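Peer 1: The following block contains the structure, expressed as structure tokens.
The values are calculated or read from the model by the stated rules, or taken from the named source; none is laboratory data. These numbers come from a predicted model, not from an experiment. Here the Cβ positions follow ideal geometry from the backbone for every residue, glycine too, while neighbour counts run over all protein chains shown.
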Amino acid sequence: MTSHDELIGNQTRLESFGTFEISGVDAARFLQGQITINTDSIVENKLSLAAVCNPQGRCVAVFFATKKPGASTQEAANQDTLSQNESNHDSFWFILPKDNIEATINHFKKYAVFFKTEINDRTDSTNIYGTITDPKNSNDSDNHKLINVTFTEPDSSIIMAVTKNAQAQAQSADQQAKTQLTEQDWLFNVASNGIPWISQASASHFLPHNLNLPTLEAVDFNKGCYTGQEVIARMQYKGKLKSHMQQFRCNVEINITTTDKIYVESQAAAEVICGATNHNGTSTLLALAKDRYLDAKIFRLNDENGPILELVNYH
């Protein structure tokens, strides 16, 4: 593993995020029947976006998933009396808003009783940091701006890197170097890259398609069955979506609350999914917007007299 001091770059502590671990000889098999992506795509040193859904196909949680390096080797060394298959231990880590961890763990535990797995909340023992990398350091295979993740020792830290979004960055390189990255800056960049997160307040509210997860490669339609898969597949192949996730921006700092409404005149045109305000006071929101309102000239937050929002990306 890497020492935290060896890493160079502007980082920020992600105080609102936590992490939990699912490990054990059956961990991969168990997760294959639960999450929206193939567990084979979750690898060391990379972030994968994924979700876990309820039987109605709605997202209980959306998270960044990764494997902890060396877990299988360490476990095998500690269990040399076990058979080769039994010592094949995987350690999957999931990073998501802290307020939704307990409910997400409880959801997984309902289905884990017949598997040799352990599910442990690692939030209190792990420091989570975010950093932003230059697009020149990424390539076309990077999963929609999720670049890498690093586990550091001895301070038990996780550092998540995402690609800098051109629209989110109005500063020169010299200005960036002088500005301390904040958690809101990091989240602003994540949202500007079109990557959503959901809190406990909106758990089991949105379908994966509402969050653009198929386009973000956070749903694998070629893997086997998993909880909620029938509903999600039906939406993909037979459904007709009338609302899509869109990005809105406001040049003043605003209070962003999940499930707040965005209005066109007196009509509720969109519902807030997530958002953040950067250190310059610019706010960006991801919202589930009704397609029929996307040609509107003016969008306002909370009511027809609220702050004016700009529709940034028209999907």
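Peer 1: What residue, of 289, 296, 276, is under 18 Å from residue 63 (Cα atoms) and either within 19 Å of the chain's Cα centre (by Cα) or touching a residue at least 24 places away in the same chain (Cβ under 8 Å) (or both)?
Peer 2: Just a single option satisfies the conditions, and that option is 276.
Peer 1: Would you check if residue 198 is out of contact with any Asp or Glu (no Cβ under 8 Å at 6 or more places or on another chain), crowded, with 22+ Cβ neighbours inside 10 Å and assigned to a strand (DSSP E or B)? Please lay out each step first, then the result.
Peer 2: Numbers: out of contact with any Asp or Glu (no Cβ under 8 Å at 6 or more places or on another chain): yes; crowded, with 22+ Cβ neighbours inside 10 Å: yes; assigned to a strand (DSSP E or B): no.
No; evaluated as a whole, the condition is false for this residue.
Peer 1: Taking the options 259, 182, name whichever one is at pLDDT below 95 and in the same structural domain as residue 301 (by TED's automatic domain parsing).
Peer 2: Numbers: 182 fails: in the same structural domain as residue 301 (by TED's automatic domain parsing).
Of 259, 182, the one residue that is at pLDDT below 95 and in the same structural domain as residue 301 (by TED's automatic domain parsing) is 259.
Peer 1: So which residues in the range 235-264 are over 25 Å from residue 281 (Cβ atoms) and free of Cβ contacts under 8 Å to residues at least 60 places away in the same chain? Show your work before the answer.
Peer 2: Of the residues in the range 235-264, the ones over 25 Å from residue 281 (Cβ atoms) are 235-244.
The answer is 236, 237, 238, 239, 240, 241, 242, 243.
Peer 1: Just to be sure I understand, how many residues within the range 284-315 are part of a loop (DSSP other than H, G, I, E, B) and aliphatic (A, V, I, L, M)? Outline the logic, then answer.
Peer 2: From the range 284-315, those part of a loop (DSSP other than H, G, I, E, B) are 294-298, 302-307, 314-315; that's our starting set.
Add one more test, that the residue is aliphatic (A, V, I, L, M), and what stays is 294, 296, 298.
Of the residues in the range 284-315, 3 are part of a loop (DSSP other than H, G, I, E, B) and aliphatic (A, V, I, L, M).
The rows are residues; the columns are (1) crowded, with 18+ Cβ neighbours inside 10 Å; (2) among the aromatic types (Phe, Trp, Tyr); (3) over 24 Å from residue 111 (Cβ atoms).
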residue: 218; (1), (2), (3): yes, no, no
residue: 232; (1), (2), (3): yes, no, no
residue: 241; (1), (2), (3): no, no, yes
residue: 253; (1), (2), (3): no, no, yes
residue: 258; (1), (2), (3): yes, no, yes
residue: 261; (1), (2), (3): no, no, yes
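Peer 1: Further, regarding this structure: Give me the residue from the range 263-291 that is among the charged types (D, E, K, R) and closer than 22 Å to residue 196 by Cβ and, out of that set, surrounded by the fewest Cβ atoms within 10 Å (Cβ to Cβ). Steps first, answer last, please.
Peer 2: From the range 263-291, those among the charged types (D, E, K, R) are 265, 271, 290-291; that's our starting set.
Checking the rest, the ones that are also closer than 22 Å to residue 196 by Cβ come to 271, 290-291.
On the way: 271: 19, 290: 17, 291: 13.
Once the filter is applied, the top-ranked residue is 291.
Peer 1: Among the residues of the range 221-228, are any among the hydroxyl-bearing types (Ser, Thr, Tyr), out of contact with any strand residue (DSSP E or B) (no Cβ under 6 Å at 6 or more places or on another chain) and surrounded by fewer than 12 Cβ atoms within 10 Å (Cβ to Cβ)?
Peer 2: Within the range 221-228 (the criterion being among the hydroxyl-bearing types (Ser, Thr, Tyr), out of contact with any strand residue (DSSP E or B) (no Cβ under 6 Å at 6 or more places or on another chain) and surrounded by fewer than 12 Cβ atoms within 10 Å (Cβ to Cβ)), the answer is no, since none of the residues qualifies.
Peer 1: Criterion first (modelled with pLDDT of 95 or more and closer than 26 Å to residue 112 by Cα) does residue 211 satisfy it?
Peer 2: Details: modelled with pLDDT of 95 or more: yes; closer than 26 Å to residue 112 by Cα: no.
In short, no.
Peer 1: Out of curiosity, is residue 220 among the acidic types (Asp, Glu) and over 30 Å from residue 132 (Cα atoms)? Full working, then the answer.
Peer 2: Numbers: among the acidic types (Asp, Glu): yes; over 30 Å from residue 132 (Cα atoms): no.
Spelling it out, it is not the case that residue 220 is among the acidic types (Asp, Glu) and over 30 Å from residue 132 (Cα atoms).
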